[in-house]
Every structure is written in structure tokens, then in C-alpha cells.
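Asks: Got a structure here, written out as C-alpha cells. Questions coming.
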Amino acid sequence: MLLAVVTQAAATTLVGAVAVFAAYAAGSALLLITLAVLASFAGHTLAAALQRVARYAGRIAGALLAVSGAYLLVYWLPQLLGTPRLGDAGLAGLAGRVATAITEHQLAVTLTAAALVIIAAAAVIRTRHTPTDAPPTPEDCCPAEDSTATTPMAPEHTTR
């Protein structure tokens, strides 16, 4: 991307080069600021979602390990057996069809991505503005201290 900007800037006058770099800087800044704002809004929601998913982390990791093992088996087994690979043409064809579909329907892909961003931002805003039932009290946090309980003594230091 930067190479295209430099090439365009080199092909124009000084004013054109400054305009090209200013447009590149503005576009980069807009993208980075948007990502930073979305990341800050999504932080709370992401943390809550990860807490819900954390109990399944072992199963998810096991499934990913099994899938990656199957992929490695499919990739390397023909090489080990000395047979041609069967899946390369199918995957390349699928990738080509997906790329063509995205190219032909750029507006739909863009609108879908924008809708997903808006839905995510609305969910974050709704979550942040949902009132809680009541503020926590000290009784909610910790049990009351028992005055009759003995405090443990520090262990005595012994020399050897």
C-alpha cells in the first residue's frame, strides 16, 4: 500500500505529492482511530464473553488440536505414501470462487461488515447502559469478621 502511495507521489508535482501523503495519513489515522474506539467499546463485552467461554477452553483446545492433526495428516499422507494430492485443486477452486463472489458483490460485503460493526457497537452500548439492580454492599463481598476467632501467630524463626 505504501509503495503505491510513494509511486503516485513520485509521479506528480510537489503539491500533488503532499496531497497524496496527506490523504494516506488521513486514511490511516481514520482507520486506526476507528479500531481504537471499537476496541475500547468491545473490551467489556469481550471479557464477559470470554468468561462464559472459559469453562469450555479445554474442549475447544482439544477440538482445534484434533482439526489441526487431521489437516496435517491430509496434507502429509500423500507425500509419505508417494501418491498425488487430491485436495489441492478443490481448495484452490473454492478459494477462487469465494474471491470472485466477494469481488462481484463488494457492496453487499461492505454493507454486511458495516451492519456487523453497528450491531456489535449497539450491543456494547446496551450492555454498558444496562442498570444494575442494586449497588453492592459490604455484606455481599466479605463475611463479617468473627471477634472470637484467634489470629494465627507468625511462625517462630529457628536457627540451624
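Where a number appears in this text, it was derived from the coordinates with a stated rule and is not lab data. Predicted model only: the values in this text are computed from it and were never measured. A quick note on method: Cβ atoms are made from the backbone with ideal geometry, for glycine too, and the neighbour counts reach across all protein chains shown.
Asks: Can you tell me the length gained on complete extension of the stretch L65 to A29, counting 0.36 nm per residue apart and subtracting the Cα distance?
Replies: That works out to 9.1 nm of additional length.
Asks: Once you place label points 7 Å from the Cα toward the Cβ at V74 and R52, how far apart are they in nm?
Replies: So the label points at V74 and R52 sit 3.0 nm apart.
Asks: Further question: So if each residue of separation counts as 0.36 nm, and I subtract the Cα-Cα distance between I102 and A115, what length gain in nm does that give?
Replies: Full extension of this stretch gives 3.0 nm more.
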